[in-house]
Structure formats: structure tokens, C-alpha cells
There are 2 protein chains.
Amino acid sequence: MADSLHDAIEARLEQAGNRYTRGRRRLIEVLLEAGRPLTVRELLERGERLSTSSVYRNLGVLEASRVLRQIPSVGDDGVRVELHEDLAGQHHHLDCSSCGQLIDIVLPAEVELALSRACRAVQRATGFRADGHRLELFGMCRSCQ
Amino acid sequence: MADSLHDAIEARLEQAGNRYTRGRRRLIEVLLEAGRPLTVRELLERGERLSTSSVYRNLGVLEASRVLRQIPSVGDDGVRVELHEDLAGQHHHLDCSSCGQLIDIVLPAEVELALSRACRAVQRATGFRADGHRLELFGMCRSCQ
DNA sequence: CTACGTGCAAACGGTTTGCACTAGA
DNA sequence: TCTAGTGCAAACCGTTTGCACGTAG
């Protein structure tokens, strides 16, 4: 599956003047295998031959090349990382307050539509140029209840 | 205005077995005066006689007593703090990618309604018990454009 | 050859903690 | 009086950086 995904990633990197090196590919593959946002710690644990500093540097490069996205978190386990929405499809997150895990969800089209309209309304009303939005539901996942 | 707000805060603290001390009151007043989410650094700069460790400890207490809320951020300036939604009213945030500031916004009731319905739909579909939601619009504020 | 990428170890900085002291009921 | 709260300084830990080496083009 998805050699085309790697091709798209390489294209974005090269467009930004960067290479799709082995280390960067390993990082992406760990992320794809997980199928959910991972912390840097999780990336390092799951990936072979990933070093801390290169992971952080590559997060910067991959984010600037619009391949990845960093998700802020209140917890003490640092930033989480996922594929950019252009590559992974538009989705949002459930944030379990008990186990701290993020779970991907896709909202009904009508809700996304309402959100997009709200963004444009805010833009007209406040002058804030909204490039995107993030919705997070917090609560407790099925297995933690 | 809003002695009743301080009364409500005191009630919540006492319900959780804590006191509404001077330090905690000073922290709340700095936050009220700002009228937007503040970082810990900003709290310390604006407040007289606030010490780092007490601020962090009090954030924990005030959050556990449902008086405050911490907002995660990707930036390097740490967590941001605002009044709990029960006290401040339901609202969301514009996140300027240039200056990093968070701006409060209130969404049209119809959008909030759609979001609430979406939460319940997710609950039925996935078993995730959603206690609340957070929407963030990112882009660039009027003065940074 | 030359610039980009990598790994190690040290530095950095936001947050937490140990401990002695203070204040509120 | 007695427990909760506070301030200082040190510890902690996620993240960044300097530097020497490796690698792709």
C-alpha cells in the first residue's frame, strides 16, 4: 500500500529543498504503523535507529514541509505527532483524560460544513484569517470508563 | 463587578477542601484583568508577589477545583491558563501563528448545537464518553497579516 | 567536493519537588 | 494549635544546540 504516499511525502520535502532520507522514512513508517498520533518517546521506542536529536530536527523539517503536524498536549509526555491533514484526511481527536491517548475520529460531513462556515463567519466578523481548525473532544474512552 | 464570581470560586475551592487564599486570589485577578488566556510567564510578570512554584501548585489546585483550565500549546512558551468554562461561559480560541496569542471567541449558537450533537453521536458510535469539546481556529490575526 | 543529515553529549528552560517557614481556621 | 499554603533553590526532564562525522548528489 501507499507507495504513492511516500512519493507525495518526497515531493513535499523536495519542494521545500529537503531530502527524503532513511531516517525520515523510518520515522514516517513508525507513525503509519501506529495509526494514531504518537509522542516523541513512543516514536523513539518503536523505531529502530532513531536518535532523539534527529527526530526533533526532522519533526521540524517535516512540519515545515507540510508532511507532519505537531499536536499540543497538556500532559507531561510532550508533543504528539501525526501526518499532515492533506495526507491523512481531515479528522479530529478524542482525548481520554484517564489514559491520555488520542484517538482519531472523522466527523459527519454536515458538522465539518458547519465548522467551515463558522470559520468564514469569524473571518468576516473579526478579520482573523482562519487557515484551519482543530476540534478535540475530551472525556473517557470506552476501556477506561 | 463580580464579587459573586469570587464567591463562586471560593465555593468550588471549599467544596474540594481548599482555601481561597491571597495568592490564589491575586492569580485569579491577574487573569480576569487580562481577559484572555495567559502563560505562566505572563502571570508572573503581571502579578505582584506571585512565586513560580506557588503559581504552578495553585494551577493544579484551581484546575482540580474546576476554577481554571489549562490550554495546551505547541509553542515554547508553556501552558496557558484561563477561567473554567462554567465560570467564563462557553467559548473557543483563535490561535495566531505569527504572534502566538490566543483570542477568545463565542460561536453562533447553531454551531455549538451542531458540535454538541456531534459529541453525542460520537459517544453512541464509539463508546467514548465526551465531557466537553475544544475548538481552535488557527491562522493569522488582523494585526499580523 | 560540498552541502545536507546524523549522533552524541552538553546546554537550555519550563515545571516539579524538598524543606523550612508562614498564615488561616 | 495544627494543617494548608508559600518561597527558595535544587532537581527533573523534554527539547535544543555545538560539533565532529557520515552520506547523497
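We did not get these values from a lab; they are worked out from the coordinates using the rules stated. Nothing here was measured: the structure is a model prediction, and the numbers come from that model. With ideal geometry, Cβ positions are generated from the backbone for all residues, glycine too; neighbour counts draw on all protein chains shown.
Summary of computed values
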item	result
Odd one out for A:Arg66, checked against (1) within 11 Å of chain B (Cβ to nearest Cβ); (2) on the phi > 0 side of the Ramachandran plot	(1)
Matching entry among A:Leu27, A:Leu83 (being within 14 Å of the chain's Cα centre (by Cα) and under 30 Å from B:Gly132 (Cα atoms))	A:Leu83
Total residues in region A:6-30, condition of a type outside the set (A, V, I, L, M), crowded, with 18+ Cβ neighbours inside 10 Å and in contact (Cβ under 8 Å) with a residue 40 or more places away in the chain	1
Residue, nearest to DNA strand C (Cβ to nearest atom), within region A:51-87, restricted to residues that are closer than 25 Å to A:Met140 by Cβ and hydrophobic (A, V, I, L, M, F, W, C)	A:Val74
Selection count, region A:35-80, where residues are under 22 Å from A:Arg134 (Cα atoms) and polar (S, T, N, Q)	4
Flag for B:Gly132 being under 19 Å from A:Asp131 (Cα atoms) and in a strand (DSSP E or B)	no
Unmet criterion (only one of (1) among the hydroxyl-bearing types (Ser, Thr, Tyr); (2) within 21 Å of A:Gly78 (Cα to Cα); (3) more than 11 Å from chain A (Cβ to nearest Cβ)) for B:Ser97	(3)
Subset tally (residues that are in contact (Cβ under 8 Å) with a residue 40 or more places away in the chain and facing another protein chain (nearest Cβ under 7 Å)) for region B:104-144	9
Tally, over region A:7-25, of residues that are more than 8 Å from DNA strand C (Cβ to nearest atom) and either under 14 Å from A:Ala88 (Cβ atoms) or touching a Leu at 6+ places or on another chain (Cβ under 9 Å) (or both)	4
A:Arg24 being assigned to a helix (DSSP H, G or I), closer than 30 Å to A:Asp76 by Cα and within 13 Å of DNA strand D (Cβ to nearest atom)	yes
Candidate set: region B:31-61, residues that are within 14 Å of another protein chain (Cβ to nearest Cβ) and without any contact (Cβ under 8 Å) to a residue 60 or more places away in the chain; chosen: the one nearest to A:Val81 (Cα to Cα)	B:Thr39
Residue within region A:82-89 that is among the acidic types (Asp, Glu), away from DNA strand D (no atom under 12 Å from the Cβ) and within 13 Å of another protein chain (Cβ to nearest Cβ) present	yes
